[in-house]
Each structure stands twice: as C-alpha cells, then as structure tokens.
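A.B. asks: My questions will all concern the structure given below.
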Amino acid sequence: MTAARDRLDAEQEKRRRREDELFEEFAAVAVARDDVVTEQDRRLAELDRQRGEIEHATAAALGDLEHRQMDVLHQLHQLGRTVEQLAELVDIPVKKLRPRLRAHRAATIGPATSTNSPEPTPSAPPAGPPEPPAAGPPAPAAAAPTTV
C-alpha cells in the first residue's frame, strides 16, 4: 500500500508540475498578447498623427490651389467676363461663384489698400501696345468739352 501511495503521490506531483508549467506558459502568452495590443495601439496612434499631418498638408495645398483658381477667375472677370459666363465655363453655379469671387477680391485687395479705383491695378503691364477701351466709362477729360 505504501508503494501504491508513493506512486500516486509521484503522479500527482508530476501533474502539479505540468500544471504549473502550463499556467506559467498561459501567463507568458497573456503578457505577449498585451504587448502586441500595446504595439498595435502605438502604431495606430502614429498612423493617426501621420494622417492628421497629411490632412493638414492637403487642406493647405487645396486652399492654395483654390486661391489660385479664384485669382484666375478674378482676372478673367476684370478682363470683361461676366460672372454668368465664368460660371458656365468652369461649371460652378453662379450663386456659389459670385460670393467666392467677392471673398477673393476682398482678401486680395484687403482693407489696407485704399485707392479711388474700385479695381486693383494689375501687377504686370500687359504685353504689347495698349488697346483702346471697347466699352467703358469715357475719360473725364474727353467728356467735359462736349457737355456745354
């Protein structure tokens, strides 16, 4: 009986050691799992930061491009194109284009510029000889002698 009891005790001890090894392995896997989740969270946070930088850079670039487009449309408007014509050419509704052109003009001219002319002066002189105005207000000196 003593031998059978010793054998049972040895089997139980062997089983307890194996259980201890398995619990230690389980705990090690749980720690490794937590490490993987932590690394995932760190990498996702880095991607979110990069995404924010990309979105910011893209918004700045798109803002610059839209400003350039409005500058071109504003110059075309100064050359005589109506808002309706521009809206049709670039496929933007008049109701959206008119306030955008107005905002662009206000941002470009700004309150610091004070001139008597409602139109800003062009930044570069036109190429070639100047053309006579086709349809515009007559010059004040030319109109004065004829109204006597």
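Throughout, read-outs are computed from the coordinates displayed, never taken from laboratory work. Predicted model only: the values in this text are computed from it and were never measured. Heads up, the Cβs are rebuilt from the backbone with ideal geometry, glycines too, and the neighbour counts pull from every protein chain shown.
A.B. asks: Once the piece of chain linking ASP41 and GLN78 is laid out straight, how much longer is it, given 0.36 nm per residue of separation minus the C-alpha distance between them?
C.D. replies: Fully extending the segment from ASP41 to GLN78 adds 7.9 nm.
A.B. asks: Of all the Cα-Cα pairs you can form in the range 21-85, what percent are over 13 Å apart? Please list the in-between numbers first.
C.D. replies: Numbers: 1587 of 2080 pairs.
Percent of Cα pairs beyond 13 Å in the range 21-85: 76.
A.B. asks: Please work out the FRET efficiency for the pair PHE23 and ALA57, using the Cβ-Cβ distance as r and a Förster radius of 41 Å; give the result to the nearest 0.05.
C.D. replies: Between PHE23 and ALA57 the formula returns 0.20.
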